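Below is one structure, written out as structure tokens; the observations come after it.
Taken together, the values in this text are just the output of simple stated rules run on the coordinates, not laboratory data. This is a predicted model, so every value here is computed, not measured. Using ideal geometry, Cβ is built from the backbone for each residue, glycine included, and neighbour counts are taken over all protein chains shown.
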Amino acid sequence: MKIGIASDHAGYELKEYLKINLQKDGYEIIDYGPFLKKVVDYPDYAEKVAKGILNKEIEYGILICGTGIGMDIVANKFNGIRAARCCSTYDAFLARQHNDANVLTLGGRLIGKELALEIAKIFLSTPFSKGRHLKRVNKIKKIDNEKN
Ligand code: RB5
């Protein structure tokens, strides 16, 4: 499974930590940058990962900024992206099970790196449950397709 990851300066250290540890777990991680800690604008990096999913280079994305909020706002502007900002493993579990989220956003200034890793692992390993949630996700997709 190919996973895209990106951050801004406030999420850079957590990006590096997650990348190394998810690779150890067997995930193929594509790093969309930045490649050194410098001040950057989170919309540029959210866009890279969103487009990576839409172009099918990657299946899921992980985006980290200071709060996870800016990345979440930008990623959700793209048709077909369902980004969820998760602060707990239960958020991550339900974002996948109920919402079929394809992007996880995290706040590098808000949560510890070990919790962030657990959240990412749960997010990446929980399947969409479909069932009663499928028609709701299909309604999200319909709204996406009606956007102009
Ligand atoms: C950068 O200072 C900060 O605004 C950014 O990382 C993020 O938290 C925005 O949502």
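Side notes on the structure shown:
- Under Karplus coefficients 6.51, -1.76 and 1.60, residue-wise ³J(HN,Hα) of region 84-98 in Hz, glycine/proline x: 10, 7, 10, 10, 9, 5, 5, 3, 5, 4, 6, 4, 7, 5, 9
- Each residue of region 50-59 was assigned a 3J(HN,Hα) from its phi angle through the Karplus curve 6.51 cos²θ - 1.76 cosθ + 1.60 (θ = phi - 60°); the sequence is 4, 5, x, 5, 5, 8, 6, 6, 9, 8 Hz, with glycine and proline shown as x.
- Cross-link pairs 56/147; 2/147; 48/130; 15/141; 19/142; 37/141 - those with Cα-Cα distance over 26 Å: 2/147; 48/130; 15/141; 19/142; 37/141
- Per-residue packing, averaged as other Cβ atoms within 10 Å, sorts the ranges 27-33, 124-130, 138-144, 68-74 into the order 68-74, 27-33, 124-130, 138-144, beginning with the highest.
- The chain, dipole about Cα centre (Lys/Arg Cβ +1, Asp/Glu Cβ -1), debye to the nearest 20: 600
- For region 123-138, putting each phi into the Karplus relation 6.51 cos²θ - 1.76 cosθ + 1.60 with θ = phi - 60° gives couplings of 4, 6, 10, 9, x, 5, 7, 6, x, 5, 7, 5, 5, 6, 5, 5 Hz, in residue order, rounded to whole numbers and with x for Gly and Pro.
- If the segment from residue 135 to residue 28 were pulled out straight at 0.36 nm per residue, it would be longer than the present Cα-Cα gap by 35.4 nm.
- Close amide-amide hydrogen proximity is noted between residue 40 and 9, each under 5 Å apart and 5 or more residues distant or on a separate chain (H modeled in the peptide plane; Pro and chain starts excluded).
- The chain: angle of helix 12-24 to the longest principal axis, Cα-based, in degrees nearest 10: 70
- Which of 112, 99, 87, positive extreme of dipole for region 82-148 (C-beta unit charges): 99
- With contacts taken as Cα pairs under 8 Å at a separation of at least 6 residues, the chain carries a relative contact order of 24 percent.
- A rounded overall shape is assigned to region 1-119, the ratio a/c of its alpha-carbon gyration tensor axes (a ≥ b ≥ c) being less than 1.5.
- Candidates 63, 34, 145 compared by Cα position along the dipole of region 20-148: farthest toward the positive end lies 145, with charges placed on Cβ.
- Annotation: peptides 41-50, 14-23, ranked by per-residue average of other Cβ atoms within 10 Å with the highest first, follow the order 41-50, 14-23.
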